[in-house]
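A quick write-up on the structure given underneath.
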């Protein structure tokens, strides 16, 4: 695992450690699967990007295109072995199983998201009928979650 800082040519660079994962959801009916892709900064537990769509590499690319450029330059991404993450540069990507604990923060956030956002519970009567409402609910929750994380780390 990489250090928090790295020295290059006498300058100290901050290295970011991100965890990425995806979770299953649906819109209108269970046959209409939607995957929620998330990237978390483990230093402050904030979600820095999310994408709702399919489970292919094009959706993984859409997620990573949403990450601000400053974060991409000095970052290491920890993921599971899902083939969608093969789009990441090899030197910035570490894939590991759950037993290693490299993705435990994002996995915990997935559970929190399911518990606190009723439309994401697997067996529920409250679900999104429109994709825009689904994305809006997730965005609302992640913004509120990030705001709470910010106040905890001040």
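No value in this document is a laboratory result; all are computed from the given coordinates. Just so you know, these numbers come straight off a predicted model, no measurement behind them. Note that each Cβ is placed from the backbone with ideal geometry, even for glycine, and that neighbours are counted across all protein chains shown.
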Q: Within the range 76-107, count every residue that is without any contact (Cβ under 8 Å) to a residue 40 or more places away in the chain and within 15 Å of residue 36 (Cβ to Cβ).
A: 0
Q. Which one of these does residue 73 not meet: (1) touching a residue at least 24 places away in the same chain (Cβ under 8 Å); (2) under 19 Å from residue 95 (Cα atoms); (3) surrounded by fewer than 14 Cβ atoms within 10 Å (Cβ to Cβ)?
A. (1)
